[in-house]
Amino acid sequence: MALGDCWKQLSWFYYQYLLVTALYMLEPWERTVFNSLLISVAGMAIYTGYVFMPQHIMAILHYFEVVQ
Amino acid sequence: AYLYPIRCCYVFLARLLHSVVSFFSLMEQKSSPQSGVHPRQNKQESFEQPPMYVAVMTYVGYGLVTLFGYFRDFLRAVGLEKCHVAQEREEQKDFTPLYQDFENFYTRNLYMRVRDNWNRPICSLPGPVFDLMERVSDDYNWTFRFTGKSIPNVINMGSYNYLGFAENNADFLKSVADRLQRYGAAVCSTRQETGNLSLHEELEQLVAEFLGVESSMTFGMGFATNSMNIPALVGKGCLIISDELNHTSLILGARLSGATIRVFKHNNMCSLEKMLKEAVCSGQPRTRRPWRKILIMVEGIYSMEGSVVRLPEIIALKEKYKAYLYLDEAHSIGAVGPTGRGVTELFNVNPGDVDVMMGTFTKSFGAAGGYIAGKKELVDYLRSQSHSAVYASAMSPAITEQIIRAIKCITGKDGSTEGIRRIRQLAENTRYFRARLKEMGFIIYGGDESPVVPLLLYMPAKVVAFAREMLARKIGVVVVGFPATPITEARARFCVSAAHTRDMLNQVLHHLNEVGDNLCLKFSRRKHPSRPDPCEETNS
């Protein structure tokens, strides 16, 4: 029951995303291309953040002489 | 062949620059200053701006589809995809390209994807409800096929049927059928040769009486009335000052005439006055001679904005600077004013003050054709000098009789009160529809009396989704995008009719409410008071 509502809500959000970015006008394979590009770029950004964030935070703290 | 990407880049950058400039101008709140002249217009016509994210996402959406358009063009050029549109032949590939400009790019890559929302075939009378033919496409709108079924009883919110004269009631159409029987379907000649029927004289007499002017002349086509008569009235050495949002027929007529054209901001009296002052002071561009004639061209109701012209102020300016006024009442004749006589009646202005009154019979009279009315000398001059009179075939007898019976109905000459009932019904429907839409939170343009109601949708995908959803709910709407409107202001245009009953309007409003929620179209940030209790509403 709750899963059905959740699914409905998610598909409404996906519909809004399609409308706002004008993907609604494109053919399904074009939507796949754009979505995969978007997800890959977002994924790469998150991965980079995950890998480099500890080093960056240590560098900042080192600069402000909070930790040696 | 190597010039193609350079040309594409140039076009794209030029468009981008233009859209960036208009993006920044979108940030100011546009609203026309209040007119203190006429007490009836106490609500100012406002053109509300949407929130910033709407403008940004509109550009993002267009940008994305444009990028995919370039990608698809590349696939077609390389040969990975079949090209469905016209292409140059192999031998002509090195000539100047025919299909590389922005118009063709836009048509190929944006319009074709979604063109099932336009040119829908209708298979019944375009009354308050009509039937549409069902058509499907198997290859993303490149070709259509009819399934053979029709979609019955779709509520018609798009036809120019303001007074409901698009009807096929046999009683009302009896005189039209008689004339058709007696005179046949066509006149087979021009007005100046053997095409001048006594019917035409009767119609012109009626139109002149209806408008309150000395004389009028009718033509077979409304567009041709403008484009063929303006060249007869003005020529080289004259100045035409026309509104920014004038219809194509006026622009075409102005260009054909050879006069100098200057454009003033839409309905903006300061801009018009500045232009008039400058024209009178400086005269013609190089020789500094005074202009032979200055003609101000405006429309009664602008069909894309729904805004009403500021007639009293324009007449005051015209008297002061000794210019002539050309008023195109295509949408306002029959649709505004207490007895349907157009904007002159709405503002209580003497019709003799307007030098050239033009209008069409397509909208409120349920026929086809146009008229020009004014002083007798003007109309007599047009009878001999107009291109339409000399070369275009005259109005068909059945259509002439339809207009005659429509005018007799509106003025009450046929003895019934049907005409005045329809005018009042239209005014009431317009007020109700506009008030309810504003209350729901949509952005609507235009003045409160105009039966043309543009509802702003902005984003291209929402325009398409809106049209499809409304059709699924059996309501036929007209959506308009670029190039008929500015690229960021796509809209749905509703034409309220006297033939719509309150039930039909309520049904449309109910569905609009739902679709507005599903598609998130309620952009208005103004607080509107909710409707007063219907029992307390006073009749006006």
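The values are calculated or read from the model by the stated rules, or taken from the named source; none is laboratory data. Quick caveat, the model's predicted, so the values are computed rather than measured. For neighbour counting, all protein chains shown are included, and Cβ atoms are generated from backbone atoms with ideal geometry for every residue, glycine included. The accessibility values were calculated without ligands, DNA or RNA, using every heavy atom of the protein model including side chains. Shrake-Rupley method; radii C 1.70, N 1.55, O 1.52, S 1.80 Å.
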**OP:** List the number of the failed condition for B:Tyr432; all other conditions in (1) over 18 Å from B:Leu197 (Cα atoms); (2) surrounded by fewer than 23 Cβ atoms within 10 Å (Cβ to Cβ); (3) touching a strand residue (DSSP E or B) at 6+ places or on another chain (Cβ under 7 Å) hold.
**Re:** (3)
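Listed here are the residues, each with its yes/no results for (1) at pLDDT 85 or above; (2) surrounded by 13 or more Cβ atoms within 10 Å (Cβ to Cβ).
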residue	(1), (2)
B:Thr66	yes, yes
B:Asp73	yes, yes
B:Ala86	no, no
B:Arg89	yes, no
B:Gln92	yes, no
B:Leu98	yes, no
B:Arg108	yes, yes
B:Arg113	yes, yes
**OP:** Note down all Cβ pairs under 8 Å where the first residue falls in the stretch A:13-41 and is facing chain B (nearest Cβ under 7 Å), the second is not in a helix (DSSP H, G or I), and they're at least six residues apart or on different chains.
**Re:** A:Gln16/B:Cys520; A:Leu19/B:Met459; A:Leu19/B:Cys520; A:Val20/B:Met459; A:Ala22/B:Met459; A:Glu27/B:Tyr140
**OP:** Can you tell me which residue within the stretch B:463-482, out of those that are assigned to a loop (DSSP other than H, G, I, E, B) and not β-branched (Val, Ile, Thr), is nearest to A:Leu19 (Cα to Cα)?
**Re:** B:Gly481
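Let's see how each residue does on (1) of a type outside the set (D, E, K, R); (2) within 27 Å of B:Leu456 (Cβ to Cβ); (3) in a helix (DSSP H, G or I); (4) within 14 Å of chain A (Cβ to nearest Cβ):
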| position | (1), (2), (3), (4) |
| --- | --- |
| B:Gly63 | yes, yes, yes, yes |
| B:Thr66 | yes, yes, yes, yes |
| B:Tyr70 | yes, no, yes, yes |
| B:Thr96 | yes, no, no, no |
| B:Arg108 | no, yes, yes, yes |
Original post:
For B:Thr485, are the conditions met, namely being open to solvent by 60 Å² or more (accessible area, probe 1.4 Å), more than 14 Å from chain A (Cβ to nearest Cβ) and among the hydroxyl-bearing types (Ser, Thr, Tyr)?
Top reply: no
**OP:** Go through the stretch B:438-462 and count every residue that is surrounded by fewer than 22 Cβ atoms within 10 Å (Cβ to Cβ) and assigned to a helix (DSSP H, G or I).
**Re:** 3
Original post:
Which ones in the stretch B:454-477 are under 20 Å from B:Asn518 (Cβ atoms) and more than 13 Å from chain A (Cβ to nearest Cβ)?
Top reply: B:Leu455, B:Leu456, B:Met470, B:Leu471, B:Ala472, B:Arg473, B:Lys474, B:Ile475, B:Gly476, B:Val477
Original post:
Are any residues in the stretch B:59-98 farther than 28 Å from B:Asp139 by Cβ and touching a helix residue (DSSP H, G or I) at 6+ places or on another chain (Cβ under 8 Å), and if so, which ones?
Top reply: B:Tyr59
Subject >> Scope the stretch A:1-57; condition outside any helix (DSSP H, G or I) and open to solvent by less than 70 Å² (accessible area, probe 1.4 Å); matching residues >> reply: A:Thr21, A:Ala22, A:Leu26, A:Glu27
Subject >> Answer residue from the stretch B:142-151, given it is more than 27 Å from the chain's Cα centre (by Cα) and on the phi < 0 side of the Ramachandran plot and is least open to solvent (accessible area, probe 1.4 Å) among those >> reply: B:Trp142
Subject >> Enumeration of residues in the stretch B:483-498 that are in contact with a Leu (Cβ under 8 Å, 6 or more places away or on another chain) and assigned to a loop (DSSP other than H, G, I, E, B) >> reply: B:Thr488, B:Glu489, B:Ala490, B:Val496, B:Ser497, B:Ala498
Subject >> Single unsatisfied condition, B:Val508 versus (1) at pLDDT 95 or above; (2) open to solvent by 10 Å² or more (accessible area, probe 1.4 Å) >> reply: (2)
**OP:** Go through (1) under 17 Å from B:Gly158 (Cα atoms); (2) without any contact (Cβ under 8 Å) to a residue 60 or more places away in the chain; (3) surrounded by fewer than 18 Cβ atoms within 10 Å (Cβ to Cβ) one by one and return the number of the condition B:Ser416 breaks.
**Re:** (1)
Subject >> the stretch B:225-277, residues that are touching a Gly at 6+ places or on another chain (Cβ under 6 Å), of a type in the set (Gly, Ala, Ser) and surrounded by fewer than 18 Cβ atoms within 10 Å (Cβ to Cβ) >> reply: B:Gly235, B:Gly258
Original post:
Out of the residues in the stretch B:517-527 that are more than 13 Å from every other protein chain (Cβ to nearest Cβ) and touching a Gly at 6+ places or on another chain (Cβ under 8 Å), which is surrounded by the fewest Cβ atoms within 10 Å (Cβ to Cβ)?
Top reply: B:Lys522
**OP:** For B:Ile240, work out the one condition from (1) in contact with a Leu (Cβ under 7 Å, 6 or more places away or on another chain); (2) in a helix (DSSP H, G or I); (3) at pLDDT 95 or above it doesn't fulfil.
**Re:** (2)
**OP:** Output the residues belonging to the stretch B:115-136 that are open to solvent by 40 Å² or more (accessible area, probe 1.4 Å) and polar (S, T, N, Q).
**Re:** B:Asn119, B:Ser124
**OP:** Please specify each residue of the stretch B:383-396 satisfying the condition of being assigned to a helix (DSSP H, G or I) and surrounded by fewer than 23 Cβ atoms within 10 Å (Cβ to Cβ).
**Re:** B:Arg383, B:Ser384, B:Gln385, B:His387, B:Ala389, B:Val390, B:Tyr391
**OP:** Could you tell me whether B:Asp139 is open to solvent by less than 60 Å² (accessible area, probe 1.4 Å), of a type in the set (D, E, K, R), within 13 Å of chain A (Cβ to nearest Cβ) and within 26 Å of B:Val478 (Cβ to Cβ)?
**Re:** yes
Original post:
Tally time: how many residues in the stretch B:494-504 are in contact (Cβ under 8 Å) with a residue 40 or more places away in the chain and surrounded by fewer than 22 Cβ atoms within 10 Å (Cβ to Cβ)?
Top reply: 3
Subject >> Residue list for the stretch B:256-288, restricted to those being out of contact with any helix residue (DSSP H, G or I) (no Cβ under 9 Å at 6 or more places or on another chain), part of a helix (DSSP H, G or I) and not hydrophobic (A, V, I, L, M, F, W, C) >> reply: B:Ser271, B:Lys274, B:Glu278, B:Ser282
